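The values are calculated or read from the model by the stated rules, or taken from the named source; none is laboratory data. From a predicted model like this one, the values you see are computed outputs, not experimental measurements. Backbone-built Cβ (ideal geometry, glycine too); neighbour counts: all protein chains shown. Side chains are part of the model used for accessible areas, which takes the heavy atoms of the whole protein and leaves out ligands, DNA and RNA. Shrake-Rupley method; radii C 1.70, N 1.55, O 1.52, S 1.80 Å.
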Amino acid sequence: MRILILCLSLVFAFPAFAVQPDEVLADPALEARAREISRVLRCPVCQGETIDESNAPISRDLRLYLRERLVAGDSNDQAIQAVADRFGEYVLFEPPAQGVNWLLYLAGPVMALLALVLGWRFLRARNVAEVGPTELSDEEKARLDKIMRD
């Protein structure tokens, strides 16, 4: 049982192994701020990992640069903006809703609305197209009788 608990604790502690001891700031308050900010910054090479969770060299660079900005006296917003200016908006998990990013924010709702309208039109057209059986003409009855006899 102890081995199972140890293994599970190691599995859940893996993200903590990404931040190296030489990166940790001496001031606990600044380190806590750095950890808080690093949760909203994405690793540029990893799929969906924060810079705190990633072992990629670029994430290490991002963590060090972030800590440099905090030691220099930047606020959280200023530090995030400095990292985004240097490494691009891709490092932000939640990019600001401005400029071209509006396309990303509006694309989902617009596509959902478009799907609803197209679905409604399809169902409406389908209901209109359903017509009951019609009476056969004399020519069609004669042809059918001939087919049935053969």
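Assorted remarks:
- Count of the stretch 76-103 residues which are under 21 Å from Arg39 (Cβ atoms), under 23 Å from the mean Cα position of the chain (by Cα), assigned to a helix (DSSP H, G or I) and free of Cβ contacts under 8 Å to residues at least 12 places away in the same chain: 4
- Note on the stretch 60-75: residues that are open to solvent by less than 20 Å² (accessible area, probe 1.4 Å), farther than 12 Å from Arg39 by Cα and either among the basic types (Lys, Arg) or touching a Cys at 6+ places or on another chain (Cβ under 6 Å) (or both) total 1.
- Selected residue (criterion: surrounded by the most Cβ atoms within 10 Å (Cβ to Cβ)) from residues of the stretch 79-105 that are touching a helix residue (DSSP H, G or I) at 6+ places or on another chain (Cβ under 7 Å) and more than 20 Å from Arg60 (Cβ to Cβ): Pro95
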